[in-house]
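To start, the structure itself, in structure tokens.
The values are calculated or read from the model by the stated rules, or taken from the named source; none is laboratory data. In this text the structure is predicted, and so the values were computed from the model without any measurement. In this analysis, Cβ positions are derived from the backbone assuming ideal geometry, glycine residues included, and neighbour counts consider all displayed protein chains. Each accessible area value is taken on the protein alone, full model and side chains, heavy atoms only, with ligands, DNA and RNA left out. Shrake-Rupley method; radii C 1.70, N 1.55, O 1.52, S 1.80 Å.
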Amino acid sequence: MPVILKGANVANAINKNTQTLVQMLKKTGIEPTLAVIAIMPNNSDLAYQNTIKKECSVLGITLKVINMPHNTSTTQLCEQIEQINKNNSIHGCLLFQPTPKNIDINKIRTLLKPQKDVDGITSTSLSAVFTDILDNNLGFAPCTAQACINILDYYNIKIIGKHIAVIGRSLVVGRPVALLLSNRHATVTICHSKTQNLANICRNADIIISAAGVANLVDKTFLSKNQVILDVGINIVTNGKICGDVDYETVLNYVEAITPVPGGVGTVTTAVLLYNVATAAKNSVKKEVV
Ligand code: NAP
């Protein structure tokens, strides 16, 4: 039987650390606070906002939700970000992505203070992932990419020397997770919609991380013996049900370990986000002291 890499176990371990950090900060009068910005949130954005709200209240993090209308311009979003940058009582900012097409996301990438960039969207955060200097408190890795690493570490799945096929090359998941894995000495193949022989590449990998957003993309033809699969995809199928990129039921008996959807990577992503908020709050104190 395969090991089901449940996200809840990993999230609980992360949340324990977050809670300790939050309690410590509160004793010094700091209220770790997250601002969440969503432009015209859809149903799945609202569901994610609710999850964040619930977890924030459990962990003692203050949440400010800023829902902006569909016709929000880049200038208006920039003004909102600038207010967050200036507000010392807000420690982290999450901007729901993808933003509408009219928004110049590159402007936001350079505007948001990296110290508050708890979802790793800024150019500074991404270059810290690229150059492997995240320890310098120059931003954060994108939460979902970091969540994949946390899952592998929690379940003692070796990264060093492994061949890992990453399906997807977005700045949100595919590319940053590939870099984080390379920084940990994996050999990574980044695959995308133009990749030829995708199934063949995946069959030759020890670990497959799928972040394509295509239901049932990864099936039995992608598999060989003793593989681990992290399924990042979130796809809404019939009856509003959620499934990942992996044809879960079909591959279940052919893999060594696999994350479920829901209950896998997504659960850990939220935990990473809130840990980052607590860390950003801690770092802001350190900065004031210095
Ligand atoms: P995205 O920006 O649409 O990127 C998708 C990537 O997958 C692209 O690089 C695309 O290739 C590649 N791709 C698409 N179809 C493919 C195919 N048939 N074969 C190989 N590659 C293919 O999406 P994203 O933001 O990275 O998100 C990916 C998935 O993860 C979505 O389902 C999203 O909902 C989910 N997600 C989950 C979490 C979580 O916490 N679990 C967080 C964020 C996102 P090209 O570059 O060539 O277009």
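Spin-label model, residue 239/residue 107: points 7 Å from Cα along the beta carbon direction are separated by 4.5 nm. Sorting 247-256, 35-44 by average packing, meaning the other beta carbons within 10 Å per residue, from highest down gives 35-44, 247-256.
Helices assigned as whole DSSP H runs in the chain whose Cα atoms extend at least 27 Å along their own long axis and whose mean Kyte-Doolittle hydropathy is 0.0 or higher are found at 265-289. With an a/c value under 1.5 for the gyration tensor axes a ≥ b ≥ c computed over the alpha-carbon atoms, segment 145-266 is described as rounded.
Candidates 5, 111, 266 compared by Cα position along the dipole of the chain: farthest toward the positive end lies 111, with charges placed on Cβ. With 0.36 nm allotted per residue and the present C-alpha distance subtracted, the residue 51-residue 225 stretch has 59.1 nm of extension available. Take the Cβ atoms of residue 249 and residue 156, set R0 to 25 Å, and the FRET efficiency comes out at 0.45. Just for segment 163-290, what percent of DSSP beta bridges are antiparallel, to the closest 5? Just about 10 percent of them are antiparallel. Per residue, segment 105-240 exposes 46 Å² of solvent-accessible protein surface, assessed with a 1.4 angstrom probe and all protein chains in place.
A crude spin-label estimate for the pair residue 40 and residue 285, with each label 7 Å from Cα along the Cβ direction, gives 4.2 nm. Summarising the strand pairing of the chain, around 5 percent of its internal DSSP beta bridges are antiparallel. Here is the P(r) of the chain: all C-alpha pair distances, binned every 5 Å from 0, give 1, 6, 12, 16, 19, 17, 13, 9, 5, 2, 1, 0 in whole percents. Given a 1.4 angstrom probe, I'd like the percentage of the accessible area of the chain that is carbon and sulfur, rounded to a whole number. Answer for the chain: carbon and sulfur cover 52 percent of the accessible area. If you sort the three axes of the alpha carbon gyration tensor as a ≥ b ≥ c, you get a/c under 1.5 for segment 1-155, which makes it rounded. Each residue, residue 70 and residue 196, gets one label point 7 Å from its Cα in the Cβ direction; the gap between the two is 4.2 nm. Working ranking of peptides 78-89, 184-195 by packing, defined as the average number of other Cβ atoms within 10 Å per residue, highest first, is 184-195, 78-89.
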